[in-house]
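Student: Sharing a structure, written as structure tokens. Questions coming.
The values are calculated or read from the model by the stated rules, or taken from the named source; none is laboratory data. Here the structure is a predicted model, which is why all the values come from computation and not from measurement. Note: ideal-geometry Cβ built from the backbone for every residue, glycine included; neighbour counts use all protein chains shown. All accessible areas refer to the heavy atoms of the entire protein, side chains included, with ligands and DNA or RNA removed. Shrake-Rupley method; radii C 1.70, N 1.55, O 1.52, S 1.80 Å.
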Amino acid sequence: LVARRWIPRVCAAIFVGGLEGIFFNMIPLEFMDGKKLWDWNKAAWVGMAGVTAFLFVITDYYTSTRFRPVRTSARASQTGHATNIIQGLAQGLQSTAAPVLVTALAILAANELAGIYGIGVAVMAQLSLTGLIVAVDAFGPITDNAGGIAEMADLPQDVRDITDPLDAVGNTTKAVTKGYAIGSAALAALVLFNAFLSELQAEDPNKSFDFSISSPEVLIGFLIGGMMVYLCSSLAIEAVGRAGGGVVEEVRRQFREKPG
């Protein structure tokens, strides 16, 4: 638990210090004609405008057993499956608001400081922690399996008293990875779209490209792109359901053929 709380903070502090050093010493902050691009303090602040730290806090709030969302879902479970599902869906839908607002504010701050280039720097600031996030994500499956082994092996309750809190923390770390992936994708998409537009303009400088929402082609692209998220998610969930059903059937077979 101590490692989960302090290792990310230490890594983030080291990164912020390194980021300021890189921008101050390695990246030229002036154009070739002598016009100043931005000062190094702005560069550092843009780097810190990545939303990773805020996503950590928001995800921890909505998935940790210490806070209201999980506790209200637990209380809803006392009155049946229906109220549990309703409360869980409500909390899940509600949890989307804060990450969207944080991401929007980060984009606005980076853009105000240094334009689209500033947003690019913020994306790099966020993605620089990818290694740490993926490593933390490994904590969840390990503790989850440990709890399952303890339960199936009929180990004493004092063992479960240790594995259950660790399992709860593991659920939070798994959720952090998903929140981080969504936030970084939102920031990176804006930079990639601008890069795509720049490449188009370089290919044909005399042609104007219209990506307005009032354009039928653009609207069609938005609709199909949004639909793909739900379609691919449903296919993935369906596959997980089939695999889970196969595991259940295999366990039942083993209990049937080898009682005890």
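Student: Does T177 count as within 24 Å of V70 (Cα to Cα), open to solvent by less than 20 Å² (accessible area, probe 1.4 Å), modelled with pLDDT under 85 and under 13 Å from the mean Cα position of the chain (by Cα)?
Tutor: The answer is no for T177.
Student: Take the residues in segment 87-104 that are closer than 26 Å to V123 by Cβ and assigned to a helix (DSSP H, G or I); name whichever of them is most open to solvent (accessible area, probe 1.4 Å).
Tutor: If we take residues in segment 87-104 being closer than 26 Å to V123 by Cβ and assigned to a helix (DSSP H, G or I), then L101 is most open to solvent (accessible area, probe 1.4 Å).
Student: Please determine whether any residue of segment 188-208 is among the acidic types (D, E), part of a loop (DSSP other than H, G, I, E, B) and farther than 23 Å from T63 by Cβ.
Tutor: Looking through segment 188-208, at least one residue is among the acidic types (D, E), part of a loop (DSSP other than H, G, I, E, B) and farther than 23 Å from T63 by Cβ.
Student: Name the residue that is modelled with the lowest pLDDT, counting only residues in segment 133-165 that are under 19 Å from T59 (Cα atoms) and open to solvent by less than 30 Å² (accessible area, probe 1.4 Å).
Tutor: Ranking the qualifying residues of segment 133-165, first place goes to I133.
Student: On to the next question. Tally time: how many residues in segment 44-66 are open to solvent by less than 70 Å² (accessible area, probe 1.4 Å) and either in a helix (DSSP H, G or I) or at pLDDT 80 or above (or both)?
Tutor: Count: 13.
Student: Sticking with this one: How about segment 67-86: which of its residues are touching a Ser or Thr at 6+ places or on another chain (Cβ under 9 Å) and open to solvent by less than 50 Å² (accessible area, probe 1.4 Å)?
Tutor: Residues satisfying the conditions are P69, V70, A76.
Student: Further question: I'm told V229 meets every condition in (1) assigned to a helix (DSSP H, G or I); (2) surrounded by 10 or more Cβ atoms within 10 Å (Cβ to Cβ) except one. Can you identify the failing condition by its number?
Tutor: (2)
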